[in-house]
Amino acid sequence: MSNAFDASEFIDDDFQAARKAASAVAGNPFAASATEASRAPTREEVDSKVGETHQKLAELKRIQQELERERAALEETRRRQLEFTTGRQEMVQNLTRGVGLLEEAEFGARRDAEQMAKTLLELRDAQTKVQSIHEEGWTKDNLNVELTRALTVIENARMEWNGARLKFPLLSGANTAENPSPAPAEKPIQELFSEKSFLQMCKMGLALTWPLALAAVAIFVVLLLRYR
């Protein structure tokens, strides 16, 4: 009687395992990628990576240089803006102050000029009135009247003159008073000694030479004691 049929006798276990592995790789693409990722890179791949890194570094350096130039330009713009703001404020203050001072000075000068022009007219009018007095035409009959009129004109002219002197010190010679003449030079030495008597000159000579005489006497005494 023959043995019973056993299906396991016709199955190759190694073949089945290889077949399952091939099926697993074909069905899962990530398995192949994992295998490739785990392998060591080739020299060509390393050179390619190095070249890419150099390119990236060069690009980053170029970007850095551009940023440096942009930063320098921005800093220069900021400096100029600050200079503009500070300069404008300074000039506004200076010009405002200068305009105010000059306006005040101009107003004072215009007022003084108007007052001077008015005073000049008054002085010229007084001068004309004084010069219009002609005493040659006076007679005995109108002497007192003409004399009174002339004295009135002279008094009015004097009042105008005194008023003008108070307004304008220049008429009183203020410039001359402000610049007095230099003091006289000191007396020469000959004149100074000529005013002294002989006794006074001897006293002055003794007062000037006694230290030298005392030093000479001291030296003489020392030498005398040394060689005695």
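Values in this text are rule-based calculations from the coordinates and carry no lab data. None of these values were measured; they are calculated from a predicted model. Reconstructed Cβ throughout: ideal geometry from the backbone, glycine too, with neighbour counts over all protein chains shown.
At-a-glance table
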| item | result |
| --- | --- |
| Selection status of Gln127, surrounded by 11 or more Cβ atoms within 10 Å (Cβ to Cβ), touching a helix residue (DSSP H, G or I) at 6+ places or on another chain (Cβ under 7 Å) and under 23 Å from Leu171 (Cα atoms) | no |
| Pair list, Cβ under 6 Å, 6 or more apart: segment 142-163 residue farther than 12 Å from Glu122 by Cβ, other residue charged (D, E, K, R) and surrounded by 11 or more Cβ atoms within 10 Å (Cβ to Cβ) | Val153/Lys129 |
| Every residue from segment 122-160 that is aliphatic (A, V, I, L, M) and assigned to a loop (DSSP other than H, G, I, E, B) | Ile133 |
| Segment 78-134, subset of a type in the set (Lys, Arg) and under 36 Å from the mean Cα position of the chain (by Cα), residue nearest to Ala150 (Cα to Cα) | Arg111 |
